[in-house]
Amino acid sequence: MNQSPRPKIVAGMPAYNEGKYVGSLILQAKQYVDKVIVVDDGSVDHTSEVADLAGATVIRHSENKGYGSAIRSILAEAKTQNADILVIFDADSQHDPDEIPSLVKAISEGFDVVIGSREIRRNKIAPYRRLGQRVLSRLTYIASREKLSDTESGFRAYSRKAIATLDLKEEGMSISSEIVSEASAKGLKVTEVPISVTYTRDSSTLNPIRHGFGVMNRIIVMISERRPLLFFGMLGAVLLVLGIATSAAVIWSYYFGSNVLMIGTTLVSVLFITSGLLTLFTGMILNVLLKRMSDRS
Ligand SMILES: Nc1nc2c(ncn2[C@@H]2O[C@H](COP(=O)(O)OP(=O)(O)OP(=O)(O)O)[C@@H](O)[C@H]2O)c(=O)[nH]1
Ligand SMILES: [Mg+2]
C-alpha cells in the first residue's frame, strides 16, 4: 500500500500519428496529474519528439501494434511508475483533459475502473455510431454482466488495484470490452461518469463500420470464453430444436403420410441432434473448468 497522503496520479495516451494534438494535450493534462505517459504506436510523424518535448514519458512501439497493445503498454508503465490512479484518454483531441478530475474523483470514492460515457451526456454523435455503441455495449453486458451505457469509450480511469490485476490479451479496439469483462471477472468495481466528446476532424483512421464488426466478432468470442454455458447452451438448444423439428417431420410423414422413411431428412435430424448434444456438453464442460480456474485464482 502506498502510504503517501496524496495519491500519485498518472495520465496515459495511446497515440498513432497524433503529432498535431499530443503536445497540447500533455500540457493540458499536466494541470491535473503528476506524470503523463505517451505510447507512440509506431507513428510515422513527430508524435514521439513532440511528446518528449512536452515532458511526457514516451514509450515507442517500433511498429504499429494496435490500440489494445498501446493500452497494455500504458498499464504496464503505470505499474512501473507505482501510480495510484491512472487516467487514459485518446490523443486525437476527442476527449477533454479538463474532465480528468471527474474520473479521478470516482476512483477516490472507491471504484476501480471508471468509464467516461458519451451516452449519459447528450453528445453530437452520428446515429450509426450511436447504434454501434449500443450493440457493442449490449454484447459486452452478456460477456460481463456489467450494465454500462458506453463500453467502447477510451476515456477511462483505473485504481492501483485495477492496474495490478487486469490481465489483458486483446491487441485491437476490442480491448475496451475486454477490460470490462476482465474487471468483472476479477471482482473490480466498475462505474461510469458522463464525459463530452467531439467529432471534429475527419478523425477515423479505420472505417468505423468495418471496425465495429471486427470488435463485435471479438466480443462474441469473449462471451464464449467467459460465459460458455450461456453461449454453447443457446447454440446447442437451437440445434436440438432443429433436430426435434426435423425428426417430427420424419415421424409425421411416416405414420400419417406416405408411409416411407425419408432417409435424407432422418440423417439431417440425427446430425442436428448429435451436434446439439455435443455443443451442450461442451458448454457444461467449459463451465466447470472455468469455475475451477476462478476458484483457484
Ligand atoms: N486507430 C488506431 N489508433 C491507435 C492505434 N494505436 C494507438 N492509437 C490511438 O488510440 C486512440 C483512439 O484511436 P481512434 O482511431 O481515434 O479511435 P476512436 O476514437 O475509437 O475512433 P474515431 O471515433 O473514428 O475517432 C487515438 O489516440 C490513437 O492515436 C492504432 O493502431 N490504431
Ligand atoms: Mg478517435
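Values in this text are rule-based calculations from the coordinates and carry no lab data. Everything numeric in this text was worked out from a predicted model, so none of it was measured. Methodologically, a virtual Cβ is constructed for each residue, glycine included, from the backbone with ideal geometry; neighbour enumeration extends over all protein chains shown.
Quick one: which helices (runs of 4 or more DSSP H) lie wholly within segment 74-178 and hold at least 1 residues that are under 15 Å from the mean Cα position of the chain (by Cα), hydrophobic (A, V, I, L, M, F, W, C) and more than 16 Å from ligand 1 (Cβ to nearest atom)?
Qualifying helices (runs of 4 or more DSSP H): 127-144, 160-165.
Can you tell which of Thr191, Thr140, Thr198 is in contact (Cβ under 8 Å) with a residue 24 or more places away in the chain and either within 16 Å of ligand 2 (Cβ to nearest atom) or charged (D, E, K, R) (or both)?
Thr198
Test Ala54 against the stated conditions and say whether it is away from ligand 1 (no atom under 11 Å from the Cβ) and either among the charged types (D, E, K, R) or touching a residue at least 24 places away in the same chain (Cβ under 8 Å) (or both).
When the stated conditions are applied, Ala54 passes them.
Please go through segment 75-95 and pick out each residue that is within 16 Å of ligand 2 (Cβ to nearest atom) and not β-branched (Val, Ile, Thr). Walk me through it before giving the result.
Step one: filter segment 75-95 for residues within 16 Å of ligand 2 (Cβ to nearest atom), giving 88-95.
Answer for segment 75-95, where residues must be within 16 Å of ligand 2 (Cβ to nearest atom) and not β-branched (Val, Ile, Thr): Phe89, Asp90, Ala91, Asp92, Ser93, Gln94, His95.
Taking Ile179 as meeting all but one of (1) touching a helix residue (DSSP H, G or I) at 6+ places or on another chain (Cβ under 7 Å); (2) crowded, with 20+ Cβ neighbours inside 10 Å, write down the number of the exception.
(1)
Which residues, taken from segment 25-51, are out of contact with any strand residue (DSSP E or B) (no Cβ under 7 Å at 6 or more places or on another chain) and either under 15 Å from Glu77 (Cβ atoms) or without any contact (Cβ under 8 Å) to a residue 60 or more places away in the chain (or both)?
Result: Leu27, Val44, Asp45, His46, Glu49, Val50.
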